[in-house]
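Visitor: Sending over a structure as structure tokens; questions will come in a sec.
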Amino acid sequence: MAGHRRSRADDDNRIRTVTRWLLAGSLAATGAVGGLAAAHTHASSSPSNGVRSESSSDDNSLLSPSASAPQQSFEAPVAQSGGS
Amino acid sequence: MSTNALPVWYLMRATGVVSLLLLTLAFALGIATSNRWRPTGSRLYVTTTLHRNAALLAVAFLAVHVVTAVIDVDAGVGLVSVIFPVGPGWLAVGTLGLDLLAALVLTSLVRRHLGYRLWRAIHWAAYGAWPLAIAHGLGMGSDDGTWWLDAVAIACIATMAAVVTWRVLAGPTETHGARA
């Protein structure tokens, strides 16, 4: 029975190999799903199809992006004259 | 630190989906361990170790999912709603699943001090995290109706249905080895 069983080193190698493939697959899947999510967002970025608008931050569609691309919210400083 | 950069938002969605897949795999391997299944010619600890590694990977991706949800201003997820299920709707469901997983991880870390019976009871209760996770993923609606989210959901549900059926049909197994 023990004759055809793998050695412990073989089992350890098997675990290492599968775990590495699992990590690689997970990272690849993250990239793929991120790309699909981006494509989905891009395709549905008109305000009328469920994508959250800026004024609805407290509803149930919290995890939807704003329809527009991110923008800086600050303005360039304006020089002030005067003073004593 | 907060941002409304779209890549962060995509990363949050992607890591959420991948952690659901890994969670499903970890649960399937956990049930396989209970059924004393092992790859041909290998020892049972191969299944057990792969179950643990898949679970650790799921936790790592889940951590990225949570962190990106917190720092993304559009997501509107506060630190309190990460820990307590007080957020709106499906967010609270996800938090509840996260709490169950945290209990699973923490009790596994101190398993030697808990005793096998208590650890096992908590471990089985944590399997409730899976339906909560899938409900959270489908209910949030960010990718609702996309073919790939539907495919992921169907694959996860089919896998869990298969392994739970397998577990039920296998009947009780000896657990005195306490090596799951």
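Rule-based calculations on the coordinates, nothing more; no lab input. Worth saying up front: this structure is predicted, and the values here are computed from it rather than measured. No Cβ is skipped: glycine too gets one built from the backbone with ideal geometry, and neighbour counts run over all protein chains shown.
Visitor: Averaged over its residues, how many other protein chain Cβ atoms are within 10 Å of peptide B:141-150's Cβ atoms?
Guide: Whole-number average of other-chain Cβ neighbours for B:141-150 is 5.
Visitor: Using a 10 Å cut-off on Cβ atoms, rank the peptides B:12-24, A:32-44 from the highest mean neighbour count down.
Guide: Peptide ranking by packing, descending: B:12-24, A:32-44.
Visitor: Just B:L11, B:L109, B:L79 to compare: in a GNM of chain B, with alpha carbon springs under 10 Å, which one fluctuates most?
Guide: Largest GNM mean-square fluctuation: B:L109.
Visitor: Per-residue HN-Hα couplings for the stretch B:64-74, Karplus 6.51 cos²θ - 1.76 cosθ + 1.60 at θ = phi - 60°, whole Hz, x for Gly and Pro?
Guide: For the stretch B:64-74, the Karplus curve yields 5, 4, 5, 4, 5, 5, 6, 7, 7, 5, 5 Hz.
Visitor: Counting only other chains, what is the mean number of Cβ atoms within 10 angstrom of the Cβ of each residue in peptide A:6-19?
Guide: Per-residue shielding by partner chains comes out at 4.
Visitor: Let me make sure I get this right: for the stretch B:1-119, a, b and c are the square roots of the gyration tensor eigenvalues over alpha carbons, sorted descending. Under 1.5 in a/c it's rounded, otherwise prolate if a/b > b/c, else oblate. Which is it?
Guide: Cα axes put the stretch B:1-119 in the prolate bin.
Visitor: Taking the Cα centre of the stretch B:6-170 as origin and charging only Cβ (+1 Lys, Arg; -1 Asp, Glu), how large is the dipole, in debye to the nearest 20?
Guide: Magnitude of the dipole: close to 1120 debye.
Visitor: Between B:S2 and A:A39, what's the calculated FRET efficiency when r is the beta-carbon distance and R0 is 25 Å? Round to 0.05.
Guide: The pair B:S2/A:A39 has a calculated efficiency of 0.50.
Visitor: How high is the FRET efficiency between B:L138 and B:L109 when r is their beta carbon distance and R₀ equals 35 Å, given to the nearest 0.05?
Guide: 0.70
Visitor: Let me ask something additional. Name the residues whose placed amide hydrogens come within less than 5 Å of the amide hydrogen of B:D72, ignoring near sequence neighbours (fewer than 5 apart) on the same chain.
Guide: Residues meeting the criterion, in which the H sits 1.01 Å from N, are B:T3.
Visitor: Per residue of B:10-21, count partner chain C-beta atoms within 10 Å of its C-beta, then hand back the mean as an integer.
Guide: 6
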